[in-house]
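> Got a structure for you, questions after.
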Amino acid sequence: MDKQVFEQLIPKYSLEQVSRNRSYLLDILELDRFHDQDITFALTPHRNDFYILLLVKEGGGRHWVDTVQYALKPDTFYFSTPQQVLIKEETQPLNGTLLRFTNEFLAIEDNQLLKKLLVIQNPHNGHELTLSAENVTFIEDIFTKMLVEYNQRHDLRNGMLFSYLRVLLIYLSRLYTEQLINNIPNDERRLLKKFVDLINEKYNQLHDVSAYADLLCISAGHLSKIIKQQSGKTGIQHIHERLMLEAKRLLLHTECSVKEIAFQLGFDDAPYFNRFFKRLARHTPAEYRKMTRKMYH
């Protein structure tokens, strides 16, 4: 079973499926409650084939992103990227603004800048940004302008929306850097990002640091040293964490056997995968599946 087919075991929804206007590029709307019929807030595990930006002004609720539970809080910003698995657990009255857009919308301009921004790349698998009063004012102003442009349907609407989105994503990426990275980018930081990007691309094929060092055209020893300095974790820890993230996603959200999951993640030997998982999670894959599913009910 290849990676693409395997990922389809967790439903993935397009923007056209969830948008009230059947938009396939971008939509934005004000929320005065959770929209129970909106797949974005589905009660079943799913991925979205689009990005979500959500400013919560009032209200709350609980939901899961991958294996992490979040309680929605006022004056907080939430975001998700297409690879993350989402599920709504509990709803409460909610006021805020919801923006959803696709990779196709990002490609309107022949410019790769936006796709490289941290809030789009999401190397730390983040979901939540805490906002100051100044942050809230800035983001609300951008959203207000986007809502006016979206609803009035002027000529060159997409170009205008793209311009607002560009400013918003750059602003959010600065917050991402402050809250999730806390380091000024430099050559060594960029090497860490390349390493993490490669892991996200090849985690089910390459399991050792030397293989990634070969792709980056540096020695394994040098790569390991830089990764440890920049992140506080070893290269093999990064690789194992990505494998564990995907293993937990699949154990929690699919009915695939442990053997199938092991094979998908690049383990030739299912018993070895069981030992690997238990060493890092302190539970066998079967125990983890049973334990975490109880938390949903």
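What follows draws every value from the coordinates through simple rules; no lab data is involved. A quick note: this is a predicted structure, and the numbers were derived from the prediction, not measured. Positions of Cβ are generated from backbone atoms using ideal geometry, with glycine treated the same way; all protein chains shown enter the neighbour counts.
> Determine, for 253, 127, the number of other Cβ atoms within 10 Å of each Cβ, and report the residues in order from fewest to most.
Details: 253 25, 127 22.
Neighbour counts put them in this order, fewest first: 127, 253.
> Okay, moving on. Hey, quick one: spin label on residue 214, modelled 7 Å out along Cα-Cβ, who in region 165-207 has an amide N within reach, i.e. under 19 Å?
Answer for this model: 195-207.
> Which of 142, 218, 239 ends up with the largest GNM mean-square fluctuation for the chain, with Cα atoms connected below 10 Å?
Looking only at 142, 218, 239, the biggest GNM fluctuation is shown by 218.
> Pairs of alpha-carbon atoms within less than 8 angstrom and 6+ residues apart define the contacts here; what relative contact order does the chain have, in percent?
Reported as a whole number, the value is 14 percent.
> I've got another one for you. So, counting K/R as plus one and D/E as minus one, what does the shell of residues with Cβ under 13 Å around residue 120 add up to?
Details: positive: 115, 116, 166, 193; negative: 197.
Neighbour charge sum, excluding residue 120 itself: +3.
> Shifting gears a bit: If we count every other residue with Cβ under 12 angstrom of residue 143's Cβ, Lys/Arg +1 and Asp/Glu -1, where does the sum land? Each step should come with its number before you reach the end.
Working: positive: 57, 145; negative: 30, 140, 141, 149.
Local charge sum for residue 143: -2.
> Taking the chain as a Gaussian network, where each spring joins two C-alpha atoms under 10 Å apart, which residue of 178, 134, 30 fluctuates the most?
134
> Ranking request for peptides 68-74, 148-154: highest mean number of other beta-carbon atoms within 10 Å first, then the rest in descending order.
Values: 68-74: 14.7, 148-154: 12.3.
Packing order, densest peptide first, comes out as 68-74, 148-154.
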